[in-house]
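What follows is one structure encoded as structure tokens, with my remarks underneath.
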Amino acid sequence: MASLKKLFDYHAAFPDRRLIARVSRAEQVGDGVRARHSYEFDAFDGELSAEDYQRAFSDPTYVDPFAIVRVVTTKNRFETLFDFSPEVGDWLELEIAPAQKPSIGPMAFHAQLKPNGYTEQARGTLRGARFLFSDPEPDGGPKKPSRPLRSLGAAATVTSTFAQQLAADCHFPASALATKAQLQNLLNPISKPDAVVVHDVGQASFVSLVDNLGNPSLYYDAGWPIVFNGRTVPRQFALPSSKVPIVLSHWDFDHLAGFYQFPQLQKSQWVAPVQKFGANARRIAGILAANGTLFGWPGGKLPFRWGQAEQCASAPSQLNDSGLALRVTLSNGKKVLLVGDAAYDNAGLPPGAAFDFLVVTHHGANFIGSVPKSTSRRSRGVVSVGKGNVYKHPKDHALWRHKIRGWSVIPTFGKIGSPRGDRWLGP
């Protein structure tokens, strides 16, 4: 059991920095016409030498170029200041700086990558932004035109060649593409679990398939909060095992940041969807691929002794809805559905499918589409969520939608009569 006191630093110095960034999250936080949006960017230093650029993707000890940036403002204000609205899959040039008084730019939070993850937070301002290009979609649809940098301070821009090269290098490693036979050999030996445990990891996701003694045979996600939600972590957490394979739902950091927090997991075998991502996610994929422990999902669905895994039906640039969903059958025949952050309608469920247990999508965020059927009034759902998180999850409307479909839902952060902690789904 690891003690997690003083894990994060919330008062780091804010840098004056130019970054190339891919939009990894764009989510409305509040309600109403003046609701703020939270934009998160997988960011990379835009002013590196050619030598340092090469080192960034070849030296696993070199973390300096990598950061995550979170900007909080209204959608209208962002559009007014910078002439566009960020969408997931967009690549941008960002100019950030320490806040001045009065500050005319939106509030920005900077999380620098350290050897143990994104543990340092600094607060400043977004001084400039320009849209560069978007991830190409399979249908070859029209692309948004690039825009000039709108800077609220002294402006200088990175070269388009640098940004295009970075985006091209942030592909899923070709050496890690797996075949269905490889995945069958890796996952089929796992016997049917007795239970599914949704671990209390604060605002993140970490799920285990376990026997009746709690011994894990598979992890679904290996998430941990980054510093933006650092205050939601539990006081202690049982150390995971490097001998247990991991099925990654998708390449969001709150689903994979255990890679840094628990270094032994870097030796685990990771089964992951082939998605489009930015430099920070590509760094993790590259390290795993170099170790020979990354297995890229070949698409479609695969049955195993314990259930079925299937890739969700959306464009690979949409991380949430193109990830891997699991349908797990317990040793007693009860059925569990896990979808990561995907909408249930994208999980390839057959018509009329019903489940005994459910891990609620996207930490209880609002979602589009339907809620799966519950098998009885005793059907239980769990929300993996941290109290006081910056996204204001879970949403009352999302919980209500589950309730009217027959689900009894409890969050990992607890409720009256049930303190925070791991939740067992099973006998």
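Got a number for residues in region 51-79 being outside any loop (DSSP other than H, G, I, E, B) and either of a type in the set (Val, Ile, Thr) or within 24 Å of the chain's Cα centre (by Cα) (or both)? Qualifying residue count, region 51-79: 12.
From the set of residues in region 82-125 that are among the β-branched types (Val, Ile, Thr) and in contact (Cβ under 8 Å) with a residue 40 or more places away in the chain, which is surrounded by the most Cβ atoms within 10 Å (Cβ to Cβ)?
In this case the residue turns out to be Ile96.
Scanning region 20-47 for residues that are surrounded by fewer than 21 Cβ atoms within 10 Å (Cβ to Cβ) and aliphatic (A, V, I, L, M) gives Ala26, Val29, Val33, Ala35. Please work out which one of (1) of a type outside the set (A, V, I, L, M); (2) more than 21 Å from Phe237 (Cβ to Cβ); (3) in contact (Cβ under 8 Å) with a residue 24 or more places away in the chain is the condition Ser384 fails and give its number. (2) is the only condition that Ser384 fails. Residues in region 190-216 that are among the polar types (S, T, N, Q) and in contact (Cβ under 8 Å) with a residue 60 or more places away in the chain: Ser191, Gln203, Ser205, Asn212.
Every listed requirement among (1) under 16 Å from the mean Cα position of the chain (by Cα); (2) under 22 Å from His171 (Cα atoms) is met by Leu338 save one, (2).
Comparison of Gln275, Gln308 shows that the only residue that is modelled with pLDDT of 95 or more and touching a Lys or Arg at 6+ places or on another chain (Cβ under 6 Å) is Gln308. Would you call Thr293 modelled with pLDDT of 95 or more, under 23 Å from Asp194 (Cβ atoms) and surrounded by fewer than 20 Cβ atoms within 10 Å (Cβ to Cβ)? So Thr293 fails the test. Among the residues of region 219-256, those that are free of Cβ contacts under 8 Å to residues at least 60 places away in the same chain and over 16 Å from Ala281 (Cβ atoms) comprise Tyr219, Pro240, Ser241, Ser242, Lys243, Val244, Pro245.
For region 80-114, filtered to residues that are β-branched (Val, Ile, Thr) and either outside any loop (DSSP other than H, G, I, E, B) or closer than 19 Å to Val227 by Cα (or both), the residue that is nearest to the chain's Cα centre (by Cα) is Ile96.
Consider region 393-415 and keep the residues that are out of contact with any helix residue (DSSP H, G or I) (no Cβ under 6 Å at 6 or more places or on another chain) and within 18 Å of Pro234 (Cα to Cα). The one that is modelled with the lowest pLDDT is Lys415. Residue count for region 352-404, restricted to those that are among the β-branched types (Val, Ile, Thr) and in a loop (DSSP other than H, G, I, E, B): 7.
The values are calculated or read from the model by the stated rules, or taken from the named source; none is laboratory data. Remember, it's a predicted structure, so these values are computed and weren't measured experimentally. Backbone-built Cβ (ideal geometry, glycine too); neighbour counts: all protein chains shown.
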